[in-house]
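What follows is a short report on a single structure.
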Amino acid sequence: MRSTPRRRAGPDSNLPDTPASRPPAPSASAASYRTLVAQVPTTPAAGQSVVVWVDSDTAFGETAGLEYQISGVYTKVLGAYDTSHAGANWRLTIPAQPQGTTVSYQLFTRNQSGSDYGFSGFNWTYTVAASGLVHDTYSTAYRSPGGAVPVGTPVTLKLAASAGYASAVDLVVYQYVASTDSTLPAATYPMTWDAAAGRWTVTYTTPSVPSIAYYKFKITGATGETSWYADSYADDHDNVNQGGTGAQTGSEPQTSFQISVYAANFTTPSWMADAAIYQVFPDRFRNGDATNDYCVAGSTTGCPSFFDGSQPIQAHTTWNEAICDPRGTTCPNAYGNQFFGGDLKGVQDKLDYLKSLGFNTIYLTPIFQASSNHRYDTSDYLTVDPALGAMRHTAA
């Protein structure tokens, strides 16, 4: 905390802090002084609120107030009568702000009729320091072992923090049980401060059944305020930002880090260790059999419309022509109903070519009967989509 020149005497920020410029005190006012006793913490970190302790001779019905400003935006907060701090009788709280934010504030009194008077001027300023909070799911320095683990595995989790920033940190875990499709209530595990490493640490043993352990960290600041550190992503479809480092929030977020927990007897095939995988989207790879193309004369598959006729098929008979832009007006929303005729015979025809490139494994996007070109909306997992050909084409 440091003193700064007075920049504002009252509600009108253009008024200098001089007796002549101050508005007269309302007739119901009584307080003659308002003294800053303490600011806790002196230099807050991101996620920490600031408690300002004030001593004032307010009359019955009056309230001590505080006005803070951030980048020219002014906000008033009212205090609570509290004598728990030596020499003070009012407690006022400035909400937590992001790292690097500069906050200036002044004191005032609100009288019985709701009028504010006695503005002290913006004599106090602080800048929010870094909390130092870091957890990285991709680094064994913060999570070991990393990745998915078998049931009953001890996993060491660490949260870096600036020294003195937190008085306590808890690991909070929500266990999703796949077999029952349910999430158990939160379980809390106290963490231990490792001063030498500058990290809070705990060893968490994964559940005894296959599940997903969703976890986040609950931080209690040096002055008792609470914040959270968890994974930071937009929603469950935001695969780009899931995992890695997280972000601090003032309240518990919906997002979590996660540990996938699998059965102890689960193993991957031995060939996977040396697999060089080539992914194929069959409709766009190669047309090996034109007789199964949709909407082509003589085809065995006809020309159906999907979704009760609302999605008629658009057949592309020229292999490399551009798709019709579904965002435009020519074929609005035609995302999954444009077909080029690629099929399993086309894949089979090019196996030697793929092998010559060094690949020994093919990963196909869905090939079963569906109502789209991508076939992720499969309706029958026992029937190959007719536009892709027969099952015999899956055997080389």
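Considered as a group, the residues in the stretch 315-335 that are over 39 Å from the mean Cα position of the chain (by Cα) and part of a loop (DSSP other than H, G, I, E, B) include one that is surrounded by the most Cβ atoms within 10 Å (Cβ to Cβ), and that residue is His316.
One residue stands out in the stretch 296-314 among those that are small (Gly, Ala, Ser) and either modelled with pLDDT of 95 or more or exposed (fewer than 15 other Cβ atoms within 10 Å of the Cβ) (or both): the one that is nearest to the chain's Cα centre (by Cα), namely Ser310. Within the stretch 38-73, being at pLDDT 95 or above, buried (at least 22 other Cβ atoms within 10 Å of the Cβ) and outside any strand (DSSP E or B) holds for one residue alone: Thr58.
Once the stretch 205-246 is narrowed to residues that are β-branched (Val, Ile, Thr) and closer than 28 Å to Trp193 by Cα, the residue that is surrounded by the most Cβ atoms within 10 Å (Cβ to Cβ) is Ile219.
Report yes if some residue within the stretch 276-295 is over 30 Å from Ser356 (Cα atoms), of a type outside the set (Lys, Arg) and loosely packed, with under 14 Cβ neighbours inside 10 Å; otherwise report no. Looking through the stretch 276-295, none of the residues is over 30 Å from Ser356 (Cα atoms), of a type outside the set (Lys, Arg) and loosely packed, with under 14 Cβ neighbours inside 10 Å.
Of the residues Ser139, Ser167, Ser115, the single one that is more than 19 Å from Tyr229 (Cβ to Cβ) and small (Gly, Ala, Ser) is Ser115. Residues in the stretch 255-287 that are closer than 21 Å to Arg143 by Cα and in a loop (DSSP other than H, G, I, E, B): Thr255, Ser256, Ala263, Ala264.
The values are calculated or read from the model by the stated rules, or taken from the named source; none is laboratory data. Just so you know, these numbers come straight off a predicted model, no measurement behind them. No Cβ is skipped: glycine too gets one built from the backbone with ideal geometry, and neighbour counts run over all protein chains shown.
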